[in-house]
Amino acid sequence: MSSQKGAKLMINYRYLDIAEVKHLTSLSEATIYRQMDKGVFPNSHDLTDNRVAWRDIDIFEWMNTRKPSTGINRKHDKLLNKVFS
């Protein structure tokens, strides 16, 4: 039985820049940073002194926690509620 000191589990993910995060979430840059400040959106990671990015797995996990809309003017609410219930 061999032991590897400091061995880490490698998980495949990709870093997303702000443009990709905005596209995936349909949120504005200002909203993304406000939500980060509130602690309800994944934090970015500093890649360099001038570059930040988000791990795709963090963004996808956050997206999966969103609930479907239940606005009274939406024609698709009944269908969405059946699909996501």
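Quick rundown of the values:
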| quantity | calculated |
| --- | --- |
| Residue 33 being among the aromatic types (Phe, Trp, Tyr), more than 11 Å from the chain's Cα centre (by Cα) and at pLDDT 95 or above | yes |
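Quick grid of which residues meet (1) surrounded by 13 or more Cβ atoms within 10 Å (Cβ to Cβ); (2) modelled with pLDDT under 95:
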site	(1), (2)
18	yes, no
22	yes, no
27	yes, no
41	yes, no
49	no, no
54	yes, no
59	yes, no
67	no, yes
75	no, yes
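The values are calculated or read from the model by the stated rules, or taken from the named source; none is laboratory data. Nothing here was measured: the structure is a model prediction, and the numbers come from that model. Cβ sites come from the backbone with ideal geometry, for glycine too, and all protein chains shown count toward neighbours.
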